[in-house]
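Below you'll find the structure, written out as structure tokens, and then a few comments.
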Amino acid sequence: MPRKELGVSDAEWIAKRDACWIQNNWSAGITPKGAFFCEVAGTMDMLFDGPGGWPVEPGWWNREPKDFGSQLEWCEMCGGCLDVPQRLSCDGRDDVTPAMYERLKALGSPKALAGKVVVHDPAEFDASKYHTFTSGNEYMDAGGNQRFGEHNRNIYPKSFAVTPAAGLRKLLAGPSGVPDDWVIVSDDRAKAERAAKYIGGFIINPGCLYTYKGMSVFNVMARSLREALKHPEDFNSDVRSYYPRDKVVSFEFGAARIAVLDAARKVKRALRAALKKLR
Ligand code: SF4
């Protein structure tokens, strides 16, 4: 949301920009086009075909605000430091001004073309209704620490390869190579396939080894397996031996906990709805 389109004056702008919570908390970054004082600036440079960043060389990160130079021009197009409406990053829509919306459509932005934007009319804009974040913690708290939507399928298991323990090494070292995602070790194929269907509905941690009804379920991306999978022909069929104890998790216990929390959430929602009706 460019500040000029929202009518933010030069005097107000400089103070806001220099106090931007994003750059002040974490945000230097590198894109294929160079190094930037702020990852948002770097992303806009990619999106809008900008001139690129600084050379990626030792010490680039030591620059101070006085050295940011023309990179600060990207702030002019960004609402990150302004008192503007806020939205959960998993909402799937972006807040834009009308001119920015047109610019994004002209660029062929799939999101803008699909209407996944909320366009704000500058004539209606009232900064006093909003307040920019001042810290990363404030940002996380405001979203209830929620970074992903439950409908984002990218964070659910994508596939499960099934193998008996005796065939694990053969699977990992076979001609098709190490599978892409999760592996279930079980001598009962039908049971493992039922488990895959069930577990596939949960967001689980690829770094952990899950135990479920006597089966082991692991992800080939786990850090604990990184070294061993460089030589899958020597892989130990006792997959547990690779994981520290705190990374071995009972899936039954986790799923039961989720069920209790879900039930509590439903009761809370029902109570809230009943109270609303009474008012
Ligand atoms: S205003 Fe935007 S581009 Fe500028 S520092 Fe803040 S987040 Fe980065």
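The values are calculated or read from the model by the stated rules, or taken from the named source; none is laboratory data. No experiment lies behind these values; they were computed from the predicted model shown. Heads up, the Cβs are rebuilt from the backbone with ideal geometry, glycines too, and the neighbour counts pull from every protein chain shown.
Annotations
- Single condition Gly52 does not satisfy, out of (1) free of Cβ contacts under 8 Å to residues at least 60 places away in the same chain; (2) under 22 Å from the mean Cα position of the chain (by Cα): (2)
- When residues of the stretch 64-119 are limited to those that are of a type in the set (Ser, Thr, Tyr) and part of a loop (DSSP other than H, G, I, E, B), the one farthest from the ligand (Cβ to nearest atom): Ser109
- Within the stretch 34-45, the set of residues being within 8 Å of the ligand (Cβ to nearest atom) and hydrophobic (A, V, I, L, M, F, W, C) comprises Phe37, Cys38, Val40, Ala41, Met44.
Residues are listed down the side, and each one gets a yes or a no for (1) modelled with pLDDT of 95 or more; (2) surrounded by 13 or more Cβ atoms within 10 Å (Cβ to Cβ); (3) over 18 Å from Arg240 (Cα atoms):
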position: Pro164; (1), (2), (3): yes, yes, no
position: Ser176; (1), (2), (3): no, no, yes
position: Ser186; (1), (2), (3): yes, yes, no
position: Gly201; (1), (2), (3): no, no, yes
position: Ile204; (1), (2), (3): no, yes, no
position: Tyr210; (1), (2), (3): yes, yes, no
position: Met215; (1), (2), (3): yes, yes, no
position: Phe218; (1), (2), (3): yes, yes, no
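- Every residue from the stretch 18-40 that is more than 18 Å from Met77 (Cα to Cα) and of a type in the set (Phe, Trp, Tyr): Trp26
- Residue satisfying all of: in the stretch 1-15; within 17 Å of Gln71 (Cβ to Cβ) and either of a type in the set (Val, Ile, Thr) or in contact with a Leu (Cβ under 9 Å, 6 or more places away or on another chain) (or both); surrounded by the fewest Cβ atoms within 10 Å (Cβ to Cβ) among these: Ile14
- Taking residues in the stretch 79-103 that are at positive phi and at pLDDT below 95, and partners anywhere that are more than 16 Å from the ligand (Cβ to nearest atom) and not β-branched (Val, Ile, Thr), the pairs with Cβ atoms closer than 6 Å and at least 6 places apart or on different chains are Gly92/Lys116.
- In the stretch 176-213, the residues that are part of a loop (DSSP other than H, G, I, E, B) and under 15 Å from Ser250 (Cα atoms): Phe202, Ile203, Ile204, Asn205, Pro206, Gly207, Cys208, Lys213
- Candidate set: the stretch 17-33, residues that are under 25 Å from Pro110 (Cα atoms) and not aliphatic (A, V, I, L, M); chosen: the one nearest to the ligand (Cβ to nearest atom): Gly29
- Among the residues of the stretch 13-52, the ones that are under 25 Å from Glu138 (Cα atoms) and part of a loop (DSSP other than H, G, I, E, B) come to 7 in all.
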